[in-house]
1. Considering only residues that are farther than 29 Å from residue 208 by Cβ and open to solvent by 50 Å² or more (accessible area, probe 1.4 Å), which ones fall in segment 24-46?
2. Just give me the residues in segment 173-189 being in contact (Cβ under 8 Å) with a residue 60 or more places away in the chain and either on the phi > 0 side of the Ramachandran plot or open to solvent by less than 10 Å² (accessible area, probe 1.4 Å) (or both), in sequence order.
3. Can we say residue 106 is of a type in the set (Lys, Arg) and in contact (Cβ under 8 Å) with a residue 60 or more places away in the chain?
4. Which count do you get for residues in segment 24-54 that are in a loop (DSSP other than H, G, I, E, B) and among the acidic types (Asp, Glu)?
5. Suppose the filter is open to solvent by less than 40 Å² (accessible area, probe 1.4 Å) and on the phi > 0 side of the Ramachandran plot; does residue 21 pass it?
6. Answer yes if at least one residue in segment 71-82 is part of a loop (DSSP other than H, G, I, E, B) and either in contact (Cβ under 8 Å) with a residue 40 or more places away in the chain or among the hydrophobic types (A, V, I, L, M, F, W, C) (or both), and no otherwise.
Amino acid sequence: MEISREDLLLYAITDRTWLNGRSLSSQVEEVLKNGATFLQLREKNLSYSELVKEAVKIKEIAARYNVPFVINDNIYAAREADADGVHIGQGDASYLKAREVLGSGKIIGMTAHNLNEALAAQEAGADYIGTGAVFPTSTKNNTVPLPLDRLKEITDNIKIPVVAIGGINQSNILSLKGSGIDGAAVISAIFAQENPGLAAAEMLNLCKEAVNG
């Protein structure tokens, strides 16, 4: 599946921590309906079979909105659910292994924390890079915030799309203006909100300003 830079403008990452009795699929539909342009299923506490089952449901919703859909880390779940691709971190499967399992038509995004990792991901063949954490985040332990100048160093030297991630919300995203990013990946800024759909619509407008401003 081919992706464009525009596809990565508002990159929504799921987290069932904040479902509050709602289904993840209903939350996802609200978020996609209101402007999220890319979706990652990131559910660390589901069993393999539960992850695949959830992914199959989410994939159908994403397809209705023509939004690319990837699974975090698990290349085999991505293959079984026939997701559009996978996002792999530095400690996950290698790009070559992911490509071997998923085939040539699938998206493979990779995490990079610095320019060397970003260049290596690009050289390997990644479709896009997620880099950060650009702000302190509660989603991952022991993250070290990536200074804006280091972020710009990555975007200045990388030809494939770059998505900023880590602690991004409505109050700080505009400080990423001029950084050269193609989009922002958010979790709690959408899924932890009382109205995820409204939060997605607000974040989309802010992402446009941060990327194009």
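The values are calculated or read from the model by the stated rules, or taken from the named source; none is laboratory data. Predicted model, so just to flag it, every value in this text is computed and none were measured. Counting neighbours? That spans all protein chains shown, and the Cβs are built from the backbone with ideal geometry, glycine included. Surface areas here come from the heavy atoms of the whole protein model, side chains and all, with no ligands, DNA or RNA. Shrake-Rupley method; radii C 1.70, N 1.55, O 1.52, S 1.80 Å.
1. Once the filter is applied, which keeps residues that are farther than 29 Å from residue 208 by Cβ and open to solvent by 50 Å² or more (accessible area, probe 1.4 Å), segment 24-46 yields 44, 45.
2. 183, 184, 185, 186
3. Numbers: of a type in the set (Lys, Arg): yes; in contact (Cβ under 8 Å) with a residue 60 or more places away in the chain: yes.
Judged against the criteria, residue 106 is a match.
4. 1
5. So residue 21 does not fit the description; no.
6. Just the residues of segment 71-82 that are part of a loop (DSSP other than H, G, I, E, B), to begin with: 73-74, 82.
Okay, now just the ones that are also either in contact (Cβ under 8 Å) with a residue 40 or more places away in the chain or among the hydrophobic types (A, V, I, L, M, F, W, C) (or both), so none.
Checked against the condition, which is being part of a loop (DSSP other than H, G, I, E, B) and either in contact (Cβ under 8 Å) with a residue 40 or more places away in the chain or among the hydrophobic types (A, V, I, L, M, F, W, C) (or both), segment 71-82 yields no hits at all.
Residue-by-condition table, conditions (1) in contact with a Gly (Cβ under 9 Å, 6 or more places away or on another chain); (2) charged (D, E, K, R); (3) more than 29 Å from residue 45 (Cβ to Cβ); (4) open to solvent by 50 Å² or more (accessible area, probe 1.4 Å):
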site: 74; (1), (2), (3), (4): no, no, no, no
site: 77; (1), (2), (3), (4): no, no, no, no
site: 83; (1), (2), (3), (4): no, no, no, no
site: 90; (1), (2), (3), (4): no, no, no, yes
site: 167; (1), (2), (3), (4): yes, no, no, no
site: 170; (1), (2), (3), (4): no, no, no, yes
